[in-house]
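To start, the structure under review is shown below, and the notes come after it.
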Amino acid sequence: MKLQYYAWLRDSMGCDSENIALPDEIKNVGMLLDWLPTQGERFKRAFAYIDVVLVSVNLNYAERDYPLRDADEVILSPPIAGG
């Protein structure tokens, strides 16, 4: 699975994208969001505010129950505000 990070999430992760092997037990977006912070300190720090992150799968907005496959591209984007 390809993960893409935007805005402060990209800065926290130290990269704009990466490929991960999706474990068989991860079946949807919610399970992915719960699992990622368990994958090391870098993920734990970056996903401390995961509740505000917008998720899209293959360019479609995705709620927590949206199904996932290993070939998917997941974009994780914090909301952006301007002044």
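Annotations
- Within segment 35-83, the set of residues being farther than 14 Å from Tyr5 by Cα, of a type in the set (Ser, Thr, Tyr) and not in a loop (DSSP other than H, G, I, E, B) comprises Thr38, Tyr61.
- Counting the residues of segment 34-83 that are among the acidic types (Asp, Glu), more than 20 Å from Ala21 (Cβ to Cβ) and at pLDDT 95 or above gives 2.
- Within segment 1-32, the residues that satisfy the criterion of being part of a helix (DSSP H, G or I), modelled with pLDDT under 95 and in contact with a strand residue (DSSP E or B) (Cβ under 9 Å, 6 or more places away or on another chain) are Ala7, Leu9, Arg10, Asp11, Ser12, Met13.
- Pair list, Cβ < 7 Å and 6+ apart or interchain, from segment 68-82 residues that are under 9 Å from Val57 (Cα atoms) to residues that are modelled with pLDDT of 80 or more and of a type in the set (Gly, Ala, Ser): Ile75/Ser56
- Pairing residues of segment 17-30 that are touching a residue at least 24 places away in the same chain (Cβ under 8 Å) with residues that are of a type in the set (Ser, Thr, Tyr) and in a loop (DSSP other than H, G, I, E, B), at Cβ distances under 8 Å and at least 6 apart in sequence or on separate chains, gives Asn28/Tyr66; Val29/Tyr66.
- Residues of segment 1-12 satisfying the condition of being among the aliphatic types (A, V, I, L, M) and within 11 Å of the chain's Cα centre (by Cα): Met1, Leu3, Leu9
The values are calculated or read from the model by the stated rules, or taken from the named source; none is laboratory data. All values derive from a computational prediction rather than experimental measurement. Reconstructed Cβ throughout: ideal geometry from the backbone, glycine too, with neighbour counts over all protein chains shown.
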